[in-house]
Structures are given as structure tokens and as C-alpha cells.
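The values are calculated or read from the model by the stated rules, or taken from the named source; none is laboratory data. Please read these numbers as outputs of a predicted model, since none were measured by experiment. Note: ideal-geometry Cβ built from the backbone for every residue, glycine included; neighbour counts use all protein chains shown.
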Amino acid sequence: MRSYLRLIIFCVLTSLMSEINAQQVKYFRTGEKLEYSINYGWFRLGEAEAMVIDHRENQGGISQYSIELKARTVGFLSFIKNVEARYSSYLDTRTYKPVYSESQLLEGRDTWDQDNFFDYEKMIVDVRVRRNRADKRFSQRDVPLKENTYDILGTYMYLRNIDWGQLDVGDSLMLSTLYQKKIYDFGVESAGYETVTFEGEDYKAYKLYVLFPISTTFPKEKAVIFWVINRDGVHLPVMIEANMRIGRVTCELKGVSYPD
């Protein structure tokens with residue numbers, strides 16, 4: 001069950017690349033907060049919040065966005081195995097590539113604290129992990145980067161800011177994401193449009209497949225699907241569906257808020 005909880009969170013985050021208008025458009029608002037509900041059938045497993053906190057000028061010579069995501073188990077699942085995750089990143093405003101990111105994961109009594117320092121000139125990320133918060137020592141390793149490697153939140157922001165309307169059905173984008181101490185490759189394929197309902201209104205949504213290798217966890221191709229709407233110039237991932245061996249897990253957008 002613990003491994004599936006990690007995979008559920010990973011699927012949610014990576015679903016939330018080419019250079020298609022990525023630097024010319026901005027389909028989000030600074031200060032926004034998106035709230036999600038994670039469900040397994042009728043059971044509510046968890047909740048998540050994705051926040052664009054602010055825009056900082058000239059941090060280390062690079063203009064950056066500060067992004068944060070929190071996820072946690074709720075309800076009966078919290079009594080079986082409580083999981084809380086927090087990810088925060090500083091992203092280059094031009095490319096959405098991370099300059100620095102950190103994560104904290106709590107599973108019952110187990111903890112995982114990680115700091116990542118990205119260097120796209122040397123093409124490495126300095127990964128430092130502390131498995132137990134009582135232990136002040138970090139394990140350290142340099143992980144080779146690829147040109148299209150992002151972290152979890154960099155991937156989320158990059159995908160949100162693609163003009164999906166420029167892709168034909170069947171077109172795909174390839175990217176990679178740093179998750180914990182490994183680089184994971186996957187693709188995103190355009191599946192055209194579908195009508196979805198959000199907050200009582202119907203929207204024409206982009207339908208997109210996340211392409212993972214077939215495995216015991218994902219027993220079929222195109223096992224992860226997400227739908228993105230454009231509401232008042234903002235791209236909102238309103239639904240994510242992961243078809244796993246244990247069944248269908250969904251992540252549904254429940255609310256969007258902006259600062260006054």
C-alpha cells in the first residue's frame with residue numbers, strides 16, 4: 001500500500017514538451033491556489049493544493065517564480081498510513097526550469113527531506129537527502145540532467161503553459177522529471193477535445209494522455225489521462241485519471257482562488 005500511495009502522488013503531480021509558445025504565454029496568475037480531491041472510486045483518499053506564491057526578481061541573477069504543492073491522505077486512509085508531502089520550487093520565469101527545489105515526505109513515522117540544486121551549465125543536479133529528521137547528516141549524489149529535465153513543479157508549470165490547441169491528435173511531447181533521486185522519462189500525447197463540466201459550466205477541454213511504460217502498476221498503455229480547460233485565459237487541469245492495477249484513481253479540481 002505504501003508504494004501505491006507514492007505512485008498515486010507521483011501521477012497526480014506529474015500530470016499537473018516542446019517549445020510551443022512556452023516562453024511567449026502565461027496561462028496562470030501569480031497568487032493563485034488550486035485545490036484538488038484525490039479519489040479511489042467512492043472513497044476520498046487525499047487532497048492537494050498547488051500554489052503560485054509569488055514572482056521574485058533577480059534572485060541569484062535569475063527572475064523566478066515561487067511554486068508550492070502540498071498533498072495529504074484524508075479519511076479512513078489516514079488511519080491506515082498517514083502520508084503528507086510538500087514540494088516547493090524556484091523556477092526560471094523564462095523556461096520554468098528549476099533553480100532550486102525541496103521536498104518533505106512523511107509516511108507514518110518515516111520521513112524524507114530532500115534539497116535539489118540544479119546546474120544546467122554542468123548538466124547535473126546536486127541531490128541531498130536526509131531520511132530521518134533526527135539525523136542531521138545528508139546523503140549526497142550528483143544526478144545527470146537532460147536538456148528537457150524539470151522537477152515536479154517545473155513539469156507542472158511547463159505543461160500548464162503549452163498552447164495545446166497547436167497540437168494535432170496523436171502529436172506527442174517527451175520530457176523527463178526528477179522525482180526523489182531518479183530521472184523519469186515520459187511523454188504527453190494530444191487526444192483532441194472533450195466536453196467537461198467544472199463549477200456547473202461546460203467547457204471544451206484538451207484531453208491528454210501521459211505515456212508510461214506498461215508495468216505491473218500500469219497494466220495498459222495510456223493509463224493516465226488528464227483534461228485541461230482554458231477559463232478566462234488561465235489553463236486549469238480539472239481532472240486527472242490514473243488507471244492502475246489496483247483500480248481507477250482520480251484527482252479532481254474542486255476550487256480555484258486568487259488574492260484580493
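Observations on the model:
For (1) of a type outside the set (Phe, Trp, Tyr); (2) part of a helix (DSSP H, G or I); (3) over 27 Å from Ile53 (Cβ atoms); (4) touching a helix residue (DSSP H, G or I) at 6+ places or on another chain (Cβ under 6 Å), each residue gets a yes or a no:
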site	(1), (2), (3), (4)
Thr177	yes, no, no, yes
Tyr184	no, no, no, no
Asp202	yes, no, yes, no
Asn243	yes, no, yes, no
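- Test set (1) part of a strand (DSSP E or B); (2) modelled with pLDDT of 90 or more - Gly170 fails condition number: (1)
- Residue match in the stretch 201-214 (condition: at pLDDT below 90, surrounded by fewer than 17 Cβ atoms within 10 Å (Cβ to Cβ), over 17 Å from the mean Cα position of the chain (by Cα) and not basic (Lys, Arg)): yes
- Residue that is nearest to Asp171 (Cα to Cα) [pool: residues in the stretch 16-60 that are among the hydroxyl-bearing types (Ser, Thr, Tyr) and at pLDDT 50 or above]: Tyr27
- Looking at Ser172, Ser176, just one residue is more than 20 Å from Lys254 (Cβ to Cβ), under 13 Å from the mean Cα position of the chain (by Cα) and surrounded by fewer than 20 Cβ atoms within 10 Å (Cβ to Cβ), and that residue is Ser176.
- Flag: Leu208 does not match the condition of being under 30 Å from Tyr90 (Cβ atoms), of a type in the set (A, V, I, L, M, F, W, C) and in a helix (DSSP H, G or I).
- When Asp151 is tested against (1) closer than 30 Å to Tyr120 by Cβ; (2) of a type in the set (Asp, Glu); (3) over 14 Å from the mean Cα position of the chain (by Cα), exactly one condition is not met: (3).
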